[in-house]
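S.K.: Below are the structure tokens for one structure; questions will follow.
The values are calculated or read from the model by the stated rules, or taken from the named source; none is laboratory data. Because the structure is predicted, anything quoted here is derived from the model rather than measured. Methodologically, a virtual Cβ is constructed for each residue, glycine included, from the backbone with ideal geometry; neighbour enumeration extends over all protein chains shown.
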Amino acid sequence: MKRLILLRHAKAEKEGPRGGDAARPLAPRGVADAEALGRTLALAATRIDSIVASPARRALETARLVARELDHPWDAIRIERAAYLADPGTLLRLVHQADEDAQSLLLVGHNPGITELAHLLARRFSEELPTCGAVAIDCAVDTWGGLRPGCGSLRWYEPPASRR
């Protein structure tokens with residue numbers, strides 16, 4: 001059994017410093033939401049063996065804030081350029097490349113791709129992931145490469161409003 005947790009980055013500033021869209025930092029609300037999600041996951045004893053994140057500042061900051069609350073080392077976060085604004089097929093290919101020793105994987109990315117991947121994998125999940133919304137999908141497979149459309153079942157959905 002593999003558990004994939006898909007997380008849309010937290011709320012970002014409308015404009016970033018020089019560097020355009022990829023350089024946009026988290027807004028204060030985004031920081032608070034990411035920290036709260038990390039605490040929620042820690043309190044629920046959620047196991048995260050591996051984290052993959054888009055290199056966009058807002059996604060990486062989200063991943064690091066969640067990781068901090070889970071005592072997951074920052075230097076173990078795998079930054080994947082291909083995850084930046086990726087479509088669900090590209091994101092699924094990144095998941096297929098995950099370390100097979102990991103039973104649980106947190107993927108931090110962007111809409112619409114991250115939500116579309118959740119829809120593709122999880123039966124009966126049709127929500128639109130808001131900023132800092134997370135969904136856990138359990139897949140009855142032995143390898144990450146075995147994930148296919150419709151293979152998963154919804155374990156939980158955590159919108160940011162439930163943490164406020």
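S.K.: Can you name the residue in the stretch 49-97 that is among the polar types (S, T, N, Q) and touching a residue at least 24 places away in the same chain (Cβ under 8 Å) and is also surrounded by the fewest Cβ atoms within 10 Å (Cβ to Cβ) among such residues?
M.R.: Looking at the filtered set, the residue picked out is 97.
S.K.: Exactly one condition in (1) crowded, with 19+ Cβ neighbours inside 10 Å; (2) in contact with a strand residue (DSSP E or B) (Cβ under 6 Å, 6 or more places away or on another chain); (3) of a type outside the set (A, V, I, L, M, F, W, C) is not met by residue 46; state its number.
M.R.: (2)
S.K.: Output the residues belonging to the stretch 108-163 that are outside any loop (DSSP other than H, G, I, E, B) and charged (D, E, K, R). Give the steps one after another, and end with the answer.
M.R.: Taking the stretch 108-163 and keeping what is outside any loop (DSSP other than H, G, I, E, B), we get 108-109, 113-123, 134-139, 144-146, 152-158, 160-163.
Hits for the stretch 108-163 are 116, 123, 138, 155, 158, 163.
S.K.: Tell me which residues, restricted to the stretch 126-144, are within 14 Å of residue 4 (Cα to Cα) and exposed (fewer than 14 other Cβ atoms within 10 Å of the Cβ).
M.R.: Selection gives 140, 142, 143.
S.K.: Tally up the residues in the stretch 1-15 that are of a type in the set (A, V, I, L, M) and not in a strand (DSSP E or B), please. Give the derivation first.
M.R.: The initial filter retains those residues of the stretch 1-15 that are of a type in the set (A, V, I, L, M), namely 1, 4-7, 10, 12.
So of that shortlist, the ones also not in a strand (DSSP E or B) come out as 1, 10.
Going through the stretch 1-15 one residue at a time, the tally reaches 2.
S.K.: Related question: Kindly list the number of the only condition in (1) touching a strand residue (DSSP E or B) at 6+ places or on another chain (Cβ under 6 Å); (2) at pLDDT 95 or above; (3) closer than 17 Å to residue 79 by Cβ that fails for residue 24.
M.R.: Unmet for residue 24, out of (1) touching a strand residue (DSSP E or B) at 6+ places or on another chain (Cβ under 6 Å); (2) at pLDDT 95 or above; (3) closer than 17 Å to residue 79 by Cβ: (2).
S.K.: I've got another one for you. Can you tell me which of 123, 164 is farther than 23 Å from residue 60 by Cα, surrounded by fewer than 16 Cβ atoms within 10 Å (Cβ to Cβ) and at pLDDT below 95? If you could, list the steps in order and put the result at the bottom.
M.R.: On the way: 164 fails: farther than 23 Å from residue 60 by Cα.
Just one listed residue meets the conditions, 123.
S.K.: Does residue 65 qualify as being modelled with pLDDT of 95 or more and within 20 Å of residue 3 (Cα to Cα)?
M.R.: So residue 65 does not fit the description; no.
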